[in-house]
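For reference, the structure is listed below as structure tokens.
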């Protein structure tokens, strides 16, 4: 099969369209003929050699797929050949065929295209998991989302508007994306290059602070995140773009009864990912079926132009998801 292969680790140019063995589904797995996949920040980190896949998973980049069921592994009864599916994979998405566990797949709603479907699993499940299953965001609470126009952040804004419309949504973004996050649904957009987000959050919430913060920056934002949290607030860290270490103010942690929670989706056990996927299907997927929630796509690239797609992401020019069309590679 055709697949994106790495010629070492480094800049986007190390990726090229080549050949890889056709994967065979094991017990509980489904082989998907991939029609589209998406670029995630984790893919760019793996390309640089800093984020290897979990043991036993494909070395090929790509954390989500949209396509049709091609072959079933032993014990799989919930899917049939030819069905349109989308879902999470721990690797292998940048290829004509990929393996997914049956419980990590979802039926693509009839009104959704393969390209739209490829923009859903990783970022919308990540947003739902961390905001609602882990972060316990409730109606009327306030949430601070770091990440401007990135896929998880834009998905988070949309999901918050749908599931907790009474909540206050605050977002940090670059100057160029301030108006776009407001249009998408942010009640407060903070220019992180020009403003102190902790000060702005406190002012907007009348000194109360944010009940929940979703953060992919890590170390560089820890002190300000603590300052921005409300009493009893939760900080969910899902990335380390700003470093893996920082000094923590334990006094503030105790006095304000703050909770700091680390979260990762890719390496979770199969059964746990299945439970998360099922919860997402029950609570969020119906909104995609009704098209009251729509995937936000920045641009669709052919798989052969994967290097340009990665460069676009790393330059932070995107707003929403960058999708790769795999069908054209056939």
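Below are the figures for this structure:
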{"read-out": "Difference of contour (0.36 nm per residue) and Cα-Cα distance, residue 206 to residue 80", "value": "39.9 nm"}
{"read-out": "Order of 1, 170, 15 - criterion: other Cβ atoms within 10 Å of each residue's Cβ, fewest first", "value": "1, 15, 170"}
{"read-out": "Candidates 278, 130, 153: whichever shows maximal mean-square fluctuation once the chain is modelled as a Gaussian network with Cα springs under 10 Å", "value": "278"}
{"read-out": "Estimated translational D of the range 124-262 in µm²/s (Stokes, Kirkwood radius over Cα pairs; 20 °C; 1.002 mPa s)", "value": "147 µm²/s"}
{"read-out": "Label point 7 Å beyond Cα of residue 267 along Cβ direction - residues of the range 224-252 with amide nitrogen under 20 Å", "value": "236-246"}
{"read-out": "Calculated FRET efficiency for the pair residue 305/residue 183, C-beta based, R₀ 25 Å, to 0.05", "value": "0.30"}
{"read-out": "Packing-based exposure ordering (other Cβ within 10 Å, fewest first) of 166, 115", "value": "166, 115"}
{"read-out": "Inter-probe distance in nm under a simple model that places probes 7 Å from Cα toward Cβ, at residue 191 and residue 166", "value": "3.4 nm"}
{"read-out": "Where Rh is the Kirkwood radius over Cα pairs, Rg/Rh for the chain", "value": "0.97"}
{"read-out": "With Cα atoms, 0 to 90° folded angle of helix 270-283 axis to the chain main axis", "value": "70 degrees"}
{"read-out": "FRET efficiency for residue 275 and residue 51, using Cβ-Cβ distance with R0 set to 35 Å, rounded to 0.05", "value": "0.90"}
{"read-out": "In Å, descending, principal axis extents of the Cα set of the range 58-137", "value": "39, 31, 27"}
{"read-out": "Of all DSSP beta bridges in the chain, antiparallel share, percent nearest 5", "value": "55 percent"}
{"read-out": "Cα-Cα pairs of the range 214-268 separated by more than 18 Å (percent)", "value": "28 percent"}
{"read-out": "Helix-only CD estimate at 222 nm, as mean residue ellipticity for the chain, using -39500 (n - 2.57) per DSSP H run (n ≥ 4)", "value": "-7500 deg cm²/dmol"}
{"read-out": "Acute angle (nearest 10 degrees) that the helix 151-163 long axis makes with the longest principal axis of the chain, alpha-carbon atoms", "value": "70 degrees"}
{"read-out": "Exposure proxy ranking, count of Cβ atoms within 10 Å, fewest first, for 34, 270, 69, 123", "value": "270, 69, 123, 34"}
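Every number here is computed from the coordinates shown, using simple stated rules; none is lab data. All values derive from a computational prediction rather than experimental measurement. Cβ atoms come from the backbone with ideal geometry, glycine included; neighbour counts cover every protein chain shown.
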